[in-house]
Amino acid sequence: MEKKESKNRGARKDWYKLDLSAIVYPTLQRRDFSSVYRLSVLLKEEIQPDTLQKALDMTLPRFPTYKAAIRKGLFWRYLEPNNRPGPFVQEDVKNPCQPMHFKANNRYLVRVYYFRNRISLEAHHSLGDGTGGMCLLQTLTATYLRLLGHEEIKNSGFVLDIQEEPSEGELEDAYMRYANAKVCPPRLQEKAYRVRGTAEPFYTLNIIDGILSVSEVMAVAKKYNATITEYLNAVLLYALLQKQEKDRRVRLRPVKIAMPVNLRRFFPSETLRNFITMIYPGVDPRLGEYTFEEIVVQVHNYMRYYLNEKLLRGDITTNAATQRNPFIRVVPLFLKDLVVRTFYTKIQDRNSSAGLTNMGALKVSDGMKPYIERFDIYMGQPFSRRTNCAIISFEDTLTINFASSIIEADVERYFFRKLVQDGIHVKIESNRGMD
């Protein structure tokens with residue numbers, strides 16, 4: 001048994017096939033765009049960079065699919081172990097989530113920044129989703145705090161034991177385990193309203209953060225008979241409808257949100273790689289004028305219908321069908337890239353007006369809790385001119401982080417104005433003005 005386990009470990013260290021979602025992200029790579037997200041933790045004391053670097057050197061080997069470089073084969077891309085020096089912690093930058101070029105940074109697809117009391121992790125989506133990234137960030141933070149003498153911090157939740165070998169489950173492509181529906185449901189999506197705006201210069205990412213009380217938001221959502229996620233989805237749709245009306249477009253279009261769903265909630269998996277799918281709550285103003293209450297009901301009913309194991313399994317199966325197709329498997333990579341990029345640009349990216357993700361309420365061990373102020377999450381640079389919204393909460397602090405590459409901040413302004421109208425106190429932080 002020991003011999004077999006050792007053999008498996010040796011095989012696992014050779015290379016890792018990209019998971020079903022990760023296959024798409026390198027295809028969309030441009031000089032001015034990479035699929036990069038950011039997770040941050042704000043501590044209560046200023047960061048010591050040398051100690052943070054030591055913690056990163058100790059932590060990253062525990063996450064082999066993050067301590068990796070992306071390589072290109074004839075038919076597919078894959079991840080290989082990266083033993084080059086780095087990555088090296090660095091002072092934070094004004095414009096986060098800058099493009100990651102596969103051959104830069106000693107081929108690492110992760111960055112770690114510090115600024116005052118904040119630690120930020122940026123990762124390319126080919127490596128994993130927000131759950132995997134949060135495991136890496138919290139494990140790094142726990143290691144850092146222990147090096148400062150806080151030995152009482154235990155391994156639990158998102159904090160993994162850096163002395164342990166990663167399990168096979170952490171490294172699996174969980175999509176392929178659950179892509180077993182007997183039918184591949186079609187996706188018939190209509191082109192959605194797209195926000196028009198003035199493009200910012202290359203490398204500019206506009207950040208607007210709203211800091212709120214979880215209890216206040218929960219109380220307001222309850223008045224609308226909605227969850228926090230449903231309520232905030234409805235607020236964003238409401239803001240987008242206002243923006244479309246202000247644009248005075250001759251032809252109205254449906255307003256839809258691209259929302260990632262963490263499939264671990266529905267299918268047991270401990271994978272640290274990508275395991276998400278997209279749903280698209282929305283409203284169609286061509287059918288008539290919607291009150292905010294009607295939007296909340298629409299979102300609530302949409303979520304109740306689509307968020308179940310059966311429909312999500314069908315969605316996974318549809319996604320996996322092309323990868324399993326024996327003809328497509330032998331098509332050269334450059335042709336696959338051309339087809340995927342064209343499909344995403346012409347169809348997939350036009351299915352939504354904005355992006356919204358909610359990581360939910362984060363838990364940390366009692367030993368770690370006294371040292372943490374809050375967490376932030378950013379979906380990163382949008383593929384096209386629009387805004388992305390990411391939500392995360394810790395204790396009674398809920399942060400709503402907008403990231404966009406356009407000058408106009410109309411959607412964000414309408415969004416936060418609605419929260420204030422509903423009696424929610426909002427503190428705004430930004431790397432730009434809101435004029």
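Some observations on this one:
- Within the range 62-91, the set of residues being surrounded by fewer than 16 Cβ atoms within 10 Å (Cβ to Cβ) and in a loop (DSSP other than H, G, I, E, B) comprises 73, 74, 75, 76, 83, 84, 85, 88.
- The criterion of at least 3 residues that are under 27 Å from residue 25 (Cα atoms) and aliphatic (A, V, I, L, M) is met by the following strands (runs of 3 or more DSSP E) wholly inside the range 354-414: 354-362, 387-394.
- Identity of the residue in the range 178-215, crowded, with 16+ Cβ neighbours inside 10 Å and charged (D, E, K, R), that ends up modelled with the lowest pLDDT: 200
- Residue in the range 58-84 that is nearest to residue 325 (Cα to Cα), counting only those that are touching a strand residue (DSSP E or B) at 6+ places or on another chain (Cβ under 9 Å) and of a type in the set (D, E, K, R): 77
Yes/no per residue for (1) touching an Asp or Glu at 6+ places or on another chain (Cβ under 9 Å); (2) farther than 30 Å from residue 170 by Cβ:
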position: 256; (1), (2): yes, yes
position: 266; (1), (2): yes, no
position: 270; (1), (2): yes, no
position: 337; (1), (2): no, no
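- Exactly one residue among 252, 240 is over 28 Å from residue 176 (Cβ atoms), in contact (Cβ under 8 Å) with a residue 24 or more places away in the chain, aliphatic (A, V, I, L, M) and crowded, with 18+ Cβ neighbours inside 10 Å, and that residue is 240.
- Checking each residue in the range 8-61 for being surrounded by fewer than 22 Cβ atoms within 10 Å (Cβ to Cβ) and in a strand (DSSP E or B) picks out 16, 17, 30, 33, 42, 43.
- Residue that is nearest to residue 186 (Cα to Cα) [pool: residues in the range 310-353 that are among the hydrophobic types (A, V, I, L, M, F, W, C) and not in a helix (DSSP H, G or I)]: 347
- Residue within the range 52-71 that is within 30 Å of residue 343 (Cβ to Cβ) and aromatic (Phe, Trp, Tyr) present: yes
- The range 409-429 residues that are within 20 Å of residue 355 (Cβ to Cβ) and modelled with pLDDT of 95 or more, paired with ones that are of a type outside the set (Gly, Ala, Ser) and not in a helix (DSSP H, G or I) (beta carbon under 6 Å, 6 or more apart): 411/387; 412/208; 412/402; 416/426; 419/426
The values are calculated or read from the model by the stated rules, or taken from the named source; none is laboratory data. Keep in mind it's a predicted model, so treat the numbers as computed, not measured. Reconstructed Cβ throughout: ideal geometry from the backbone, glycine too, with neighbour counts over all protein chains shown.
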